[in-house]
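**Q** Got a structure here, written out as C-alpha cells. Questions coming.
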Amino acid sequence: MTFEFKIIKNDLRSRARTGLIKTSHGNIQTPYFVPVATSATVRALDSQDLEDLGAQCTLANTYHLHLRPGDKLIQRMGGVRGFMDFDKPIFTDSGGFQAFSLGYGREHNINKLGNIFPEGKKTKEAEEKFAFVDDDGVKFVSIYDGIKHFMSPKDSMEIQSNLGADIIMAFDECTSPLHDYDYTKKALERTHRWAKQSLEYKDPKQALYGIIQGGWFKDLRLLSAEFINSLSFEGIAIGGSLGKSKKDMHKILDWVIPLLDKRPRHLLGIGDIDDIFECVERGIDTFDCVQPTRIARRASLYIRPESGGCPKNKFRINIKAAANKEDQNPIDQNCDCPTCRRYSRAYLRHLYIVNELTYFRIASIHNMHYMLRLMSDIRKSIMNNTFSELKKKWLD
C-alpha cells in the first residue's frame, strides 16, 4: 500500500491547512471536495468529463455497488477504477450511512441533503424502515428487490476490498440528530467495537479511515475522538449526526479537531458552500457530498457571489425562472467552465423545461467545475495567507 499524508502549509489565523495525500493511483491536493460516484459514476457525467474537469479522485458507494451490480463482479472488472475507467484514487464509504438513511433516517425523516439539520424544519410522518441495527451489524431490506441481507464490519471490509478502493471507511453506526443521549451512547459503543473489527479485517493494500461518532453530545464526541485517534487508522473521518443546526456542527468540530493528530481528516456528507469555508477553517481536509450534481438536476446552478445569485441564496440561480427565458448571458460571467464558455441561460432553461437529457450533463459539468475551482481557490488562499479574506469575500 502506498499512502502518505504531508501537511504543506498551515494557515496563520485558523486551523485551515493545505496538504498532499499520496496513494498508489495518484495524489490528492487538500483541502478537496471529493465528487461522489454513487454507482461508479458521478450522476450525468462520465469518467472523461471528470478527467476534463481535473477531478483528483472520487467516492463510490459500498452499499449500492454491493447490491448492483455486485462487488465480486466489479472485482473481476478490475475494481471500481477499472469498472468505470477512472485511473485516479478512489474512496468508498462503509455502508454505515445507508444503515442510517434506510433506517432511522426514514423513521425520523432526516437525510444528508436538505434536512440533515432539523432545526426549524417541519416534522413529517415517519416512513417504513429498510435497515435494522444490532450489535453484530445491520440487517437490510434491499431497496431494489426487497431481498433481506446482512452487513457486518467484516462484510464491509470484504466488499470494500473487492471494490478496490484506495481509501476506505470503517463500518460505523450513523445516528440521527433526534436520537437521545442513551441511544447515541449505545451506538457509539457499537461503532468503537466495529472500528476495531474493521482494522482486524481490512485489506492491507487499502488505507482505512476510522469514523468519529457521538452525535451532538460533547462528552461522547470527545470520547470518540480520543478513541479513534488512538487506533492505527491511516486517516480520521467525522460522521453521524452533526447536531440540529450548522452552529452545532461548528461546535462539534471545535471539540474534536484539537484532539486529533496530523493524519488527514474527512468530513462525511457535507457540501454547502458556507460549510466548506467554515469546516476548512476548523481543520477539515476532504469532504464528500452528492449536492453539486443533485441540485443541478433540480434547476439550481452555482454562481459566484460577485455574479449575483438568488435572493434566498447568493450562491445559486434557478435556471427555470422566467427571467432566464431570453437571457443570452452564461450561467456565471465569472466562470470559465465549458458550459459557461458555450451556452446561454436561455438555452439551459429551454433544455430543462423540455426535459432534454443534455441539460443534466452540461448543468452538472458547471456545478462540479464550480466546486473544484472553489477548492483550488481555497488552497491558494491558504498558501498565500489570505484564507480569512477569501472567506469574508464569499460569506459576508
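The values are calculated or read from the model by the stated rules, or taken from the named source; none is laboratory data. Since this is a predicted model, take the numbers as computed values, not measurements. In this analysis, Cβ positions are derived from the backbone assuming ideal geometry, glycine residues included, and neighbour counts consider all displayed protein chains.
**Q** Can you tell me which condition Gln98 does not meet? The list is (1) outside any helix (DSSP H, G or I); (2) under 30 Å from His149 (Cα atoms), and all the others hold.
**A** (1)
**Q** Next question. For the stretch 233-252, does any single residue satisfy the condition of being over 19 Å from Phe100 (Cβ atoms), part of a helix (DSSP H, G or I) and among the aliphatic types (A, V, I, L, M)?
**A** Scanning the stretch 233-252 turns up no residue that is over 19 Å from Phe100 (Cβ atoms), part of a helix (DSSP H, G or I) and among the aliphatic types (A, V, I, L, M).
**Q** Please list, ordered by first then second residue, the pairs with beta carbon atoms under 7 Å, 6 or more apart or interchain, first in the stretch 33-49 and among the hydroxyl-bearing types (Ser, Thr, Tyr), second crowded, with 19+ Cβ neighbours inside 10 Å and part of a loop (DSSP other than H, G, I, E, B).
**A** That search, which allows pairs on different chains as well, returns Thr38/Asn61; Thr38/Val290; Ser39/Asn61; Ser47/Phe86.
**Q** On the given criteria, is Leu12 assigned to a loop (DSSP other than H, G, I, E, B), touching a residue at least 24 places away in the same chain (Cβ under 8 Å), in contact with a helix residue (DSSP H, G or I) (Cβ under 8 Å, 6 or more places away or on another chain) and aliphatic (A, V, I, L, M)?
**A** On the way: assigned to a loop (DSSP other than H, G, I, E, B): yes; touching a residue at least 24 places away in the same chain (Cβ under 8 Å): yes; in contact with a helix residue (DSSP H, G or I) (Cβ under 8 Å, 6 or more places away or on another chain): no; aliphatic (A, V, I, L, M): yes.
Spelling it out, it is not the case that Leu12 is assigned to a loop (DSSP other than H, G, I, E, B), touching a residue at least 24 places away in the same chain (Cβ under 8 Å), in contact with a helix residue (DSSP H, G or I) (Cβ under 8 Å, 6 or more places away or on another chain) and aliphatic (A, V, I, L, M).
**Q** Okay, next question. What are the pairs, 6+ residues apart or on separate chains, where a residue within the stretch 384-396 that is closer than 14 Å to Phe315 by Cβ and assigned by TED's automatic domain parsing to the domain that holds Asp11 has its Cβ under 8 Å from a residue that is part of a helix (DSSP H, G or I) and among the charged types (D, E, K, R)?
**A** none
**Q** For the stretch 16-26, what are the residues that are outside any loop (DSSP other than H, G, I, E, B) and touching a residue at least 40 places away in the same chain (Cβ under 8 Å)? Before the answer, list the steps.
**A** Taking the stretch 16-26 as the starting set, the residues that turn out to be outside any loop (DSSP other than H, G, I, E, B) are 17-23, 26.
Listed by number, the residues that qualify are Arg17, Thr18, Gly19, Ile21, Thr23, Gly26.
**Q** On the basis of being modelled with pLDDT under 95 and surrounded by fewer than 21 Cβ atoms within 10 Å (Cβ to Cβ), does Ser142 make the cut? Lay out the reasoning, then the answer.
**A** On the way: modelled with pLDDT under 95: yes; surrounded by fewer than 21 Cβ atoms within 10 Å (Cβ to Cβ): yes.
Yes; evaluated as a whole, the condition is true for this residue.
**Q** Only one of (1) crowded, with 17+ Cβ neighbours inside 10 Å; (2) within 29 Å of Ile28 (Cα to Cα); (3) touching a Ser or Thr at 6+ places or on another chain (Cβ under 9 Å) fails for Met383. Which number is that?
**A** (1)
Matching residues to (1) surrounded by fewer than 20 Cβ atoms within 10 Å (Cβ to Cβ); (2) modelled with pLDDT under 95; (3) of a type in the set (Lys, Arg):
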{"site": "Arg17", "(1), (2), (3)": "no, no, yes"}
{"site": "Ile28", "(1), (2), (3)": "no, no, no"}
{"site": "Pro31", "(1), (2), (3)": "no, no, no"}
{"site": "Asp46", "(1), (2), (3)": "yes, no, no"}
{"site": "Lys72", "(1), (2), (3)": "yes, no, yes"}
{"site": "Gly79", "(1), (2), (3)": "no, no, no"}
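**Q** For the stretch 45-102, give me each residue that is within 11 Å of Leu163 (Cβ to Cβ), touching a strand residue (DSSP E or B) at 6+ places or on another chain (Cβ under 9 Å) and of a type in the set (Lys, Arg).
**A** Once the filter is applied, which keeps residues that are within 11 Å of Leu163 (Cβ to Cβ), touching a strand residue (DSSP E or B) at 6+ places or on another chain (Cβ under 9 Å) and of a type in the set (Lys, Arg), the stretch 45-102 yields only Arg81.
**Q** Return yes when Ala346 is of a type in the set (A, V, I, L, M) and either assigned to a loop (DSSP other than H, G, I, E, B) or surrounded by fewer than 19 Cβ atoms within 10 Å (Cβ to Cβ) (or both) and no when it is not.
**A** Details: of a type in the set (A, V, I, L, M): yes; either assigned to a loop (DSSP other than H, G, I, E, B) or surrounded by fewer than 19 Cβ atoms within 10 Å (Cβ to Cβ) (or both): yes.
So Ala346 passes the test.
**Q** Among the candidates Gly309, Gly283, which residue alone is surrounded by 17 or more Cβ atoms within 10 Å (Cβ to Cβ), at positive phi and not in a helix (DSSP H, G or I)?
**A** On the way: Gly309 fails: at positive phi.
Result of the check over Gly309, Gly283: Gly283.
**Q** Within the stretch 132-153, is there a residue that is of a type in the set (D, E, K, R) and within 22 Å of the chain's Cα centre (by Cα)? Talk me through it step by step, then tell me what you get.
**A** Filtering the stretch 132-153 for residues of a type in the set (D, E, K, R) gives 134-136, 139, 145, 148.
Those left that are additionally within 22 Å of the chain's Cα centre (by Cα): none.
No, the conditions are met nowhere in the stretch 132-153.
**Q** Please go through the stretch 344-375 and give me each residue that is under 12 Å from Ala296 (Cα atoms) and aromatic (Phe, Trp, Tyr), ordered by number.
**A** If the condition is that a residue be under 12 Å from Ala296 (Cα atoms) and aromatic (Phe, Trp, Tyr), then Tyr352, Tyr359, Phe360, Tyr370 are the ones that fit.
**Q** Looking at Tyr370, Tyr302, can you tell me which residue is within 30 Å of Lys6 (Cα to Cα), within 26 Å of the chain's Cα centre (by Cα), outside the structural domain of Lys251 (by TED's automatic domain parsing) and surrounded by 20 or more Cβ atoms within 10 Å (Cβ to Cβ)? Outline the logic, then answer.
**A** Details: Tyr302 fails: within 30 Å of Lys6 (Cα to Cα).
Being within 30 Å of Lys6 (Cα to Cα), within 26 Å of the chain's Cα centre (by Cα), outside the structural domain of Lys251 (by TED's automatic domain parsing) and surrounded by 20 or more Cβ atoms within 10 Å (Cβ to Cβ) holds for just one of Tyr370, Tyr302, which is Tyr370.
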